[in-house]
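Here's the structure, in structure tokens; my notes come after.
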Amino acid sequence: MMDIMRKLHAKDKATESEFVMVDGLLFLDKAGCKRLVVPSSESLRSLFLGECPDATGHFGYKKTSANLVQRFWWPGMLDDAKKYVETCQVCQRDKPRTQAPLGLLKPLPIPAGRGQSVSMDFMDTLVTSKTGKRHIFVIIDRFTKYARLIAMPETARTDHVIKLFMDNWVRDFGLPKSIVSDRDVRFTSELWKKTAEQMGSQLQMTSGNHPEANGQAEQMNRVVQHLLRHYIKPSQDDWDEKLPLIASLYNNAVHSSTDVSPNQLHLGWKPRSALDFLLPENRSSATPGTLEYGVQYEKLLQQAVEHIKKAQQAMIASENKHRRQSSFQVGERVWVKASELGQEFGISRKLMPQYFGPWEVLDAVGDEMDGPTYVIRIPGPLRTHLVFHVSKLAPFAETDQFPSRRSMLPPTMDGQVDIDDIVDHRDLPVQKPLGKGRPPKPKREYRVRFMHHDPKEDRWFTGEELIDTAPQVVAEYERMLKGKAPAK
């Protein structure tokens, strides 16, 4: 800017054709439009950059830059505007993402054979049957696709679920080596974990609120719903009576991923149907138990594996066209979808921010079918799971380029500032009183991070101050220090 001023004073014609002084201010004059030249002052440029998004309703880079170029100019202004908008916390927090979801599809390994791995889920029919049942316990062999459908009450406890599993699956097919499920409270209970350990079964749980990761069970739920519509009465309260028929129809139908019916692959033969009475049976002449029968069945298994591989490859190629690779690192801060967290009473979800945070990534704990899962440092007061699938997260963009930018904090309720989390502590020694015996315990202070505030604004508080205002946050932090699980 000083160089431009010197050239103007020197009557440089090239400079005079573009710049002009008006009332002591320098303007860029092009096409009859005068734009104020802003000096190399970070605070001044941040002020104008912050004013334009607010004036245009945070609509994004194009409208912000259009608002700027009508009034101001400085070298690299549009690049600064782009960086400013990209790191705007208001936009990151409140706007839905329009990019492809994070997490490339990576199916679970194909089981070594039948009975090795099962997938299970609870399907809520939303209708209580005449016998008091509402849920369907769906169990599927992940290799053969064979399924068992068991009706059960909505209030079924873990011990009842275990009995149903033993009576309807283990008794006939033995103990599976692995069990894939969601994080239903019955599957995360200590009783279920202990039972799985006794069975020698590895538990593979998906992250919370992410049913897509247990795709086989979710697909089966859709099939069951589709078939039930055909056979139940208009009153719908007889659905549990139709489950044996539904299971039979499904298990006798050719499955798209194996190119053979679940019954034929799981049982080694296909049960007869009504059509078999109309036409001559087209069955193998090999007798069960003979070498020829074993060879034919082994060939059937190999063909099924090849079909499953082809189906998986086609699914990966199709799905990953619309997905992005994720690469969050431990220590990085991310946004968490608001839908993953509890809703406050009297607050409209439609008008809530799209994301909360940003919060720290503590660990990468799993590689689910459609992308990894991460442990996020969620503030103590929020009662939620800590493990999130990558599709429920969004990267947090930040920069040190605009230290003077205006506050991007949302309005507080009744002037209060909420505690986000305790991020550190320190124990300060207390002087021993004269004439006393044992020295007093150190005085503990906590480093507090506030909701929607930058870490630079963290403050230290004494234990007494926090216990009066946020006892639950202190309790959760102390539990974490002792290595205990968060309170339920």
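Just need a number here: residues in segment 161-194 that are of a type in the set (Gly, Ala, Ser) and without any contact (Cβ under 8 Å) to a residue 40 or more places away in the chain.
1
Scan (1) modelled with pLDDT of 70 or more; (2) among the hydrophobic types (A, V, I, L, M, F, W, C); (3) closer than 30 Å to PRO101 by Cβ; (4) touching an Asp or Glu at 6+ places or on another chain (Cβ under 9 Å) for the single condition VAL365 breaks and write down its number.
VAL365 satisfies every listed condition except (4).
So that you can scan it fast, the table gives a plain yes or no per residue for (1) assigned to a strand (DSSP E or B); (2) among the aliphatic types (A, V, I, L, M); (3) not assigned by TED's automatic domain parsing to the domain that holds VAL185:
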residue: LEU126; (1), (2), (3): no, yes, no
residue: ILE140; (1), (2), (3): yes, yes, no
residue: ASP159; (1), (2), (3): no, no, no
residue: LEU164; (1), (2), (3): no, yes, no
residue: ARG171; (1), (2), (3): no, no, no
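Out of segment 47-94, which residues are of a type in the set (Phe, Trp, Tyr), at pLDDT below 85 and assigned to a helix (DSSP H, G or I)?
Within segment 47-94, TYR61 is the sole residue that qualifies.
Identify, please: which residue in segment 55-74 is under 41 Å from the mean Cα position of the chain (by Cα) and either aromatic (Phe, Trp, Tyr) or exposed (fewer than 13 other Cβ atoms within 10 Å of the Cβ) (or both) and is, among those, nearest to LYS95 (Cα to Cα)?
PHE59
Which one of these is modelled with pLDDT of 75 or more, closer than 19 Å to THR206 by Cα, assigned by TED's automatic domain parsing to the domain that holds LEU386 and not in a strand (DSSP E or B): SER326, SER339?
SER339
What about GLY132, is it of a type outside the set (A, V, I, L, M, F, W, C), assigned to a loop (DSSP other than H, G, I, E, B) and at pLDDT below 85?
Spelling it out, it is not the case that GLY132 is of a type outside the set (A, V, I, L, M, F, W, C), assigned to a loop (DSSP other than H, G, I, E, B) and at pLDDT below 85.
So, LYS106, is that one assigned to a loop (DSSP other than H, G, I, E, B), at pLDDT 90 or above and more than 20 Å from VAL223 (Cα to Cα) or not?
No: the conditions fail for LYS106.
Conditions tested, residue by residue: (1) in contact with a helix residue (DSSP H, G or I) (Cβ under 7 Å, 6 or more places away or on another chain); (2) at pLDDT below 90; (3) among the basic types (Lys, Arg); (4) more than 16 Å from TYR146 (Cβ to Cβ).
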| site | (1), (2), (3), (4) |
| --- | --- |
| VAL224 | yes, no, no, no |
| LEU228 | yes, no, no, yes |
| ASP237 | no, no, no, yes |
| LYS242 | yes, no, yes, yes |
| LEU267 | no, yes, no, no |
| PRO271 | yes, yes, no, no |
| LEU278 | no, yes, no, yes |
| PRO288 | no, yes, no, yes |
| GLU292 | no, yes, no, yes |
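The values are calculated or read from the model by the stated rules, or taken from the named source; none is laboratory data. Just so we're clear, the structure is a prediction, and the values are computed from it rather than from any experiment. Note that we place each Cβ from the backbone using ideal geometry, even for glycine, and neighbour counts take in every protein chain shown.
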